[in-house]
Amino acid sequence: MPLNEVLAVFMFLGFIGLVFTGFPVAWILAGLAVAFTAIAIVAEIDLGIVTGVDWRYFSLSVERIWNIMENWVMVALPMFIFMGLMLDKSGIAERLMTHFSRLFVRLRGGLALSVTFIGVLLAATTGIIGASVVLLALLGLPIMLKQGYDKSLASGTVCAVGTLGILIPPSIMLVLMADRMAMSVGDLFLGAVLPGLMLSLMYSLYIVLRGALQPDSAPATPQERTRLDMHAMGQLIMAILPPAALILAVLGSIFLGIATPTEAAGVGALGAVLLAGINRRLNQLILKEVLVETSKTTGFIFATLVGATAYSLVLRGLGGDELMERVLLGLPFSPEGIVIAILLFTFLLGFFLDWIEITLIVLPLVAPVVQSLGFDPVWFTVLFAVCLQTSFLTPPVGFAIFYLKGVAPPEVDIGSVYRGVTPFILLQLLGMVIIFQFQGLVTWLPGQAYGS
């Protein structure tokens, strides 16, 4: 194996190894880029092997970073983050929880179904996993436990439903993927709608079946046998209307071509502020908290993006992309088998790496190979996003589990949470199989919107 490729392999393995040190990922990526550039220069001077990577080549990262910062699509990221965090403070979720729980009182597992439907609405308005999981845990988990729900079912539902925000538009992950792949954000948003709704429906069916087959896991109460209150239905509709209007304003304007994703994100941010004001939750302290948290989250993402840009540049200079292409195309599989191998590799990486690192490093390496095999790039990117959704639930780096454990009552132990998320991980994998077999779930809406 040529020295370039040896260095590329060690560069990738070094990244995976250093992640476990707990050092900031942005510094790891940028540091490896600098270190392996220096190693390549030393190899050229001492061994006379031309690697093609030197400080002049490394300086190209400055231009690439500048191009990223000039990209108007990336402006949507901080505004979508602001929108999500502000809605978290607006009190909408509390109202939804109150009225949804009254609507489903006649069903076993009704509270878990309420959490699921609220999670879908939060996913379509926030897209912030941490905010969704924590909010659903604070609102729904104590009520479910008080009613006698199995701890694993209650905690698993909250964790899994909270991860829908990373897939259902407006998803900050899809915005970042669109930038990395030079794709249309609108195409990815449209492509992810049906898969996201399909997963939420699968979660709901699992909850209903679990309540029917194991009544003790979602026990009935006298309240669950009461007549359906039409007044409660009216209150629920009034509670749904504000977030539904915001979803229509943001996603509808993108899908109809009225606004760009960046413009729609601005509308969403303003709408979140107005909803918080209408609910009398807007004050100087909350505004400060949201702005500070938005700045921190945006800074983390963009710092990682800067480090990943330098890392990817050096990795490509060392021939890492050509090596990855040869390895994948050299597998003794059909084109479909190669895609499955990529998804399996991504699923396993999700046990140890965050979605941001996988999106910035792995996706740009494997996506060109998949496109060269003749697969639709929107379909593969959405399928890749569904695969990354599992990374929030898989130990040891399952962030949704950490978010829930941080606010859960003491009686919810980590073992119960792991047992609770396992069925939902299997449902997500089943969802990937369905999307893999029926590509129209992803491609149909973009095709209808753009007539392709």
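The values are calculated or read from the model by the stated rules, or taken from the named source; none is laboratory data. Everything quoted here is computed from the prediction, not taken from an experiment. Quick reminder, even Gly has a Cβ in these numbers, built from the backbone with ideal geometry, and neighbours come from all protein chains shown. Keep in mind that these areas ignore ligands, DNA and RNA; they rest on the heavy atoms of the full protein, side chains included. Shrake-Rupley method; radii C 1.70, N 1.55, O 1.52, S 1.80 Å.
If Leu205 meets every condition in (1) modelled with pLDDT under 90; (2) hydrophobic (A, V, I, L, M, F, W, C); (3) open to solvent by 30 Å² or more (accessible area, probe 1.4 Å) apart from one, which number is that one?
So the condition that Leu205 fails would be (1).
The conditions are (1) surrounded by fewer than 20 Cβ atoms within 10 Å (Cβ to Cβ); (2) at pLDDT 80 or above, and Thr98 fails exactly one of them. Which is it?
The number of the failed condition is (2).
So which of Ile92, Ile143 ends up being crowded, with 24+ Cβ neighbours inside 10 Å, of a type in the set (Val, Ile, Thr), modelled with pLDDT under 85 and over 26 Å from Ala449 (Cβ atoms)? Spell out how you get there, then give the answer.
On the way: Ile143 fails: crowded, with 24+ Cβ neighbours inside 10 Å.
Going through Ile92, Ile143 in turn, the sole match is Ile92.
In the stretch 300-341, which residues are of a type in the set (Gly, Ala, Ser) and either assigned to a loop (DSSP other than H, G, I, E, B) or free of Cβ contacts under 8 Å to residues at least 60 places away in the same chain (or both)?
If the condition is that a residue be of a type in the set (Gly, Ala, Ser) and either assigned to a loop (DSSP other than H, G, I, E, B) or free of Cβ contacts under 8 Å to residues at least 60 places away in the same chain (or both), then Ser312, Gly319, Gly330, Ser334, Gly337, Ala341 are the ones that fit.
Assess whether Leu122 counts as being surrounded by fewer than 18 Cβ atoms within 10 Å (Cβ to Cβ), among the aliphatic types (A, V, I, L, M), at pLDDT 80 or above and within 20 Å of Thr163 (Cα to Cα).
Values: surrounded by fewer than 18 Cβ atoms within 10 Å (Cβ to Cβ): no; among the aliphatic types (A, V, I, L, M): yes; at pLDDT 80 or above: yes; within 20 Å of Thr163 (Cα to Cα): yes.
Taking the combined requirement at face value, the residue does not satisfy it.
Can you report the number of residues in the stretch 182-194 which are within 19 Å of Gly119 (Cβ to Cβ), crowded, with 23+ Cβ neighbours inside 10 Å and not small (Gly, Ala, Ser)?
The first filter runs over the stretch 182-194 and keeps only residues within 19 Å of Gly119 (Cβ to Cβ), leaving 189, 192-194.
Next, only the ones that are crowded, with 23+ Cβ neighbours inside 10 Å stay: 189, 192.
Those left that are additionally not small (Gly, Ala, Ser): 189.
Residues flagged as within 19 Å of Gly119 (Cβ to Cβ), crowded, with 23+ Cβ neighbours inside 10 Å and not small (Gly, Ala, Ser) within the stretch 182-194 amount to 1.
Tell me, which residue of the stretch 216-258 that is assigned to a loop (DSSP other than H, G, I, E, B) and at pLDDT 75 or above is farthest from the chain's Cα centre (by Cα)?
Just the residues of the stretch 216-258 that are assigned to a loop (DSSP other than H, G, I, E, B), to begin with: 218-221, 226-229, 256-258.
Then keep just the ones that are at pLDDT 75 or above; that gives 218-219, 256-258.
Details: Ala218: 28, Pro219: 32, Leu256: 24, Gly257: 24, Ile258: 26 Å.
Per the criteria, the residue is Pro219.
Only residues that are closer than 30 Å to Gly271 by Cα and exposed (fewer than 14 other Cβ atoms within 10 Å of the Cβ): list them for the stretch 292-328, please. Walk me through how you get there before you give the answer.
Step one: filter the stretch 292-328 for residues closer than 30 Å to Gly271 by Cα, giving 292-305.
The answer is Val292, Ser295, Lys296, Gly299.
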